[in-house]
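Before any comments, here is the structure.
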Amino acid sequence: MTNSELKQVAENAMTRLIYSLEQGHSECLACYLTAMSRFHRYSWNNVLLISLQRATATHVAGFQTWHKFGRYVRKGEKGIVILAPLIGRKKAEEDGETEEKRLFGFRAAYVFDVSQTDGEPLPEFASVKGDPAEHAAKLKAFITEQSIALDYSDSIRPALGLSRGGAITLACGLSPAQEFSTLAHEAAHEMLHRSERRTQTTKTIRETEAEAVAFVVCHAIGLDTNTASSDYISLYDGNRDTLTASLDFIQSTATAILRAITPEDPLR
């Protein structure tokens, strides 16, 4: 692609992404958020208890909560013991009338990991689909040329990718399209957010910029991004204003990646 073509591709993609953000949460995102809100947020002590008893646990919930998802704990499955707080009301000492919630102690409770259940599938986050073909190898080569190490590990899950400044880790077993999109996202973090500028940005800005770069790159090579990027940006409270304020950074970074993975036709 020529520079003018790359610029036009980026502008078209950004227009499409802005439009998606203006439409609000997709049905897919709404279902996903509803499901995630029903999972309990566990204390550090309970997280430790869960990991000691079932190191591979990802989503855990009680017997009744799984029923609400249309899932059922398989017969014979052993529950994971956690500590559930015992909350009661006690009159305040100051006036003897106002009731306050107080922690009176803990009791043993049991939760089960999703892998111990059967039934309806849980709502999934939107994902990128398609075949990046030779562009995947070119993107990895570009990463290497930037002196950025690339490795794979499932220890970062539930995250799919992780940028650590000079190194990127991807989760194992991603589909080709998801791996390409995640790598483009993490490459954007490396290029945009590992300098002094990091201190001038918020988490929302950084995630919006990285996902917008991934969207432009994926869009340019023909991957089906559906609502994955707009949903991701929405999860981090990004919106049209966040996006438009970073247009120059997004466009220059996406163009640099595209220039490396879609060389200009020498016959033009």
Check: C-alpha center segment 183-240 vs C-alpha center segment 100-159, spacing in Å is 17
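Leaving out ligands and nucleic acids, and using a 1.4 Å probe, what accessible area per residue does the chain come to in Å²?
Ligands and nucleic acids excluded, the figure is 57 Å² per residue.
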Label points 7 Å out from Cα along the Cβ direction at Cys172 and Ala159: separation in nm? 1.9
Going through the DSSP H helices of the chain, which span 27 Å or more along their own axis at the Cα atoms while scoring at least -1.0 as a mean Kyte-Doolittle hydropathy? 3-22
According to the square roots a ≥ b ≥ c of the eigenvalues of the Cα gyration tensor, what is the shape class of segment 158-268, taking rounded for a/c under 1.5, prolate for a/b larger than b/c otherwise, and oblate for the remainder? rounded
Assuming a strict under-23 Å limit between Cα atoms, what lysine pair count do you get for the chain once near-sequence pairs (fewer than 8 apart, same chain) are dropped? 7
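Once the Cβ-Cβ distance between Ala55 and Leu122 is put in as r, and R0 is 22 Å, what FRET efficiency do you end up with, to the nearest 0.05?
Working: r = 20 Å, r/R0 = 0.92.
It comes to 0.60.
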Using θ = phi - 60° and the Karplus form 6.51 cos²θ - 1.76 cosθ + 1.60, what ³J(HN,Hα) does each residue of segment 118-127 get, whole Hz, x for Gly and Pro? 10, x, 5, x, 6, x, 10, 6, 4, 10
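Can you classify segment 104-201 as rounded, prolate or oblate using the Cα gyration tensor, where a ≥ b ≥ c are the square roots of its eigenvalues, rounded means a/c under 1.5, and otherwise it's prolate if a/b beats b/c and oblate if not?
On the way: a/c = 2.76, a/b = 1.56, b/c = 1.77.
The shape class here is oblate.
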Between the modelled labels at Glu77 and Glu22 (7 Å from Cα along Cα→Cβ) the distance in nm is 4.5
For segment 118-191, which GluC sites (Glu not before Pro) are in a loop by DSSP, counting at most 11 other Cβ atoms within 10 Å? Glu124
Do the sum for the chain: with -39,500 (n - 2.57) for every DSSP H run of n ≥ 4, divided by all residues, what is the mean residue ellipticity at 222 nm, to the nearest 500 deg cm²/dmol? -14500 deg cm²/dmol
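Once the piece of chain linking Ala133 and Leu247 is laid out straight, how much longer is it, given 0.36 nm per residue of separation minus the C-alpha distance between them? Numbers along the way, then the final one.
Working: separation 114, 0.36 × 114 = 41.04 nm, distance 2.77 nm.
Contour length minus the Cα-Cα distance gives 38.3 nm.
Please work out whether segment 209-260 counts as rounded, prolate or oblate from its C-alpha gyration tensor, where a ≥ b ≥ c are the square roots of the eigenvalues and a/c under 1.5 means rounded, while otherwise a/b larger than b/c means prolate and anything else oblate? Mind showing how you got there, number by number?
Working: a/c = 2.76, a/b = 1.22, b/c = 2.25.
Taking the square roots of the gyration eigenvalues as a ≥ b ≥ c, segment 209-260 is oblate.
Compute the FRET efficiency between Arg89 and Lys68 as 1/(1 + (r/R0)^6), taking r as their Cβ-Cβ distance and R0 = 25 Å, and round to the nearest 0.05.
On the way: r = 27 Å, r/R0 = 1.07.
Working from the Cβ atoms, E equals 0.40.
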How large a share of the accessible area of the chain, in percent, is made up of carbon and sulfur atoms when the probe is 1.4 Å and the other protein chains stay in place? 52
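Using 0.36 nm per residue, how much length does the chain from Trp44 to Arg107 gain when fully extended, once their Cα-Cα distance is taken away? Could you put the intermediate results ahead of the total?
Values: separation 63, 0.36 × 63 = 22.68 nm, distance 1.63 nm.
Between Trp44 and Arg107, full extension yields an extra 21.1 nm.
The values are calculated or read from the model by the stated rules, or taken from the named source; none is laboratory data. If you're wondering where the values come from, they're calculated on a predicted model, not measured in any experiment. Glycine gets a Cβ as well: all are built from the backbone with ideal geometry, and neighbour counts include every protein chain shown. Ligands, DNA and RNA are excluded from the accessible area calculation, which covers all protein heavy atoms including side chains. Shrake-Rupley method; radii C 1.70, N 1.55, O 1.52, S 1.80 Å.
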